[in-house]
Amino acid sequence: MAATATTAPPALAAEATAEGRTDGGAVVAVAVEDLRQIVREEIERAVAHERPLLLTVEEVGQMLGISRRQVHRQAAAGELPAPVRHVAGSGSCTRWVRSQIVAYVDGLAAAAERERSALAGKWA
């Protein structure tokens, strides 16, 4: 997906203007819109390919590149979306909602982009 310079959404453009930036937030807007599109496509692929909408701790760890233990620690600390308890038969299991994890990753990427933009503004 190629990033193209487009007009920033009004909220981002207003924020950029208020901060005195001349780019109008276009670079950030494109990156965030690209990430949102990736999230939408991921969810559509999950549904189209009948991938599970609930993820195991192993699957979450694999998506984020962290261990099972770190997934549980971050969830307990409120750094990751909270898991859901799924009751099946005589037992229960812990699962994470795929769309929430994908949105969490989207949020991390958007925050990193904002930080990069802020740092680039300091060096300009």
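Output the number of the condition that ALA111 fails; it satisfies all remaining conditions of (1) closer than 25 Å to GLU44 by Cα; (2) surrounded by 17 or more Cβ atoms within 10 Å (Cβ to Cβ).
Result: ALA111 fails condition (2) only.
Tell me, please, whether a residue that is closer than 19 Å to LEU55 by Cα, loosely packed, with under 12 Cβ neighbours inside 10 Å and within 13 Å of the chain's Cα centre (by Cα) can be found in segment 86-100.
Scanning segment 86-100 turns up no residue that is closer than 19 Å to LEU55 by Cα, loosely packed, with under 12 Cβ neighbours inside 10 Å and within 13 Å of the chain's Cα centre (by Cα).
If a residue has to be out of contact with any helix residue (DSSP H, G or I) (no Cβ under 9 Å at 6 or more places or on another chain) and within 17 Å of VAL102 (Cβ to Cβ) to count, how many in segment 57-83 make the cut?
The number of residues fulfilling the criteria is 2.
Does segment 39-55 contain at least one residue that is modelled with pLDDT under 70, crowded, with 16+ Cβ neighbours inside 10 Å and closer than 30 Å to GLY121 by Cα?
no
Say we look at segment 114-124 and pick out the residues that are among the small types (Gly, Ala, Ser) and exposed (fewer than 15 other Cβ atoms within 10 Å of the Cβ); which of these is modelled with the highest pLDDT?
ALA118
Looking at segment 58-79, can you tell me whether even one residue there is modelled with pLDDT of 90 or more, surrounded by 12 or more Cβ atoms within 10 Å (Cβ to Cβ) and not in a helix (DSSP H, G or I)?
yes
Can you find, within segment 80-102, the residue that is farthest from GLU33 (Cα to Cα) among those that are of a type in the set (Val, Ile, Thr) and not in a helix (DSSP H, G or I)?
Once the filter is applied, the top-ranked residue is VAL87.
Name the residue, out of VAL60, VAL105, that is touching a residue at least 12 places away in the same chain (Cβ under 8 Å) and under 22 Å from GLU33 (Cβ atoms).
Going through VAL60, VAL105 in turn, the sole match is VAL105.
Output the qualifying pairs, or none if there are none: Cβ atoms under 8 angstrom, residues six or more apart or on different chains, first residue in segment 73-85 and more than 14 Å from GLY61 (Cα to Cα), second residue in a strand (DSSP E or B) and small (Gly, Ala, Ser).
What qualifies is ARG85/SER92.
The values are calculated or read from the model by the stated rules, or taken from the named source; none is laboratory data. Nothing here was measured: the structure is a model prediction, and the numbers come from that model. Virtual Cβ from ideal backbone geometry, glycine too; neighbours counted across all protein chains shown.
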